[in-house]
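Undergrad: Can you read through this structure? Questions will come right after.
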């Protein structure tokens, strides 16, 4: 597998929420990543795909909620979020896509 394809597998989707939008004021962007992704992998993928310098990567593992689906108990999937802090002057416009 080529290096470029692995970068696209590391970054699944941007997280667009009110809190993620507020973080953009601090030069931070939030992405959904696989549970197996490490901080160095995430940093390398962001720098390669968006041509920016990453200052720090913080990760959050989100446990899936237990919910009822048509009266039966079910569980949402677990996922991992990465909060990427960019160097001053670098920006990522997530509305344009890759």
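None of the figures in this text is laboratory data; all of them are computed from the coordinates on show. Being a predicted model, the structure only gives us computed values, none of them experimental. Because the Cβ atoms are built from the backbone with ideal geometry, glycine has one as well, and the counts that use them run over all protein chains shown.
Undergrad: State all residues of region 57-96 that are outside any strand (DSSP E or B) and in contact with a strand residue (DSSP E or B) (Cβ under 8 Å, 6 or more places away or on another chain); if no residue qualifies, say none.
TA: 64, 65, 76, 78, 87, 92, 94, listed by residue number.
Undergrad: Being without any contact (Cβ under 8 Å) to a residue 60 or more places away in the chain and within 12 Å of residue 79 (Cβ to Cβ) is the filter; apply it to region 7-22 and report the residue that is surrounded by the most Cβ atoms within 10 Å (Cβ to Cβ).
TA: Residue satisfying both the conditions and the ranking: 12.
Undergrad: Given 25, 47, 41, which one is over 11 Å from the mean Cα position of the chain (by Cα) and surrounded by 17 or more Cβ atoms within 10 Å (Cβ to Cβ)?
TA: Working: 25 fails: surrounded by 17 or more Cβ atoms within 10 Å (Cβ to Cβ); 47 fails: surrounded by 17 or more Cβ atoms within 10 Å (Cβ to Cβ).
After ruling out the rest, the residue left standing is 41.
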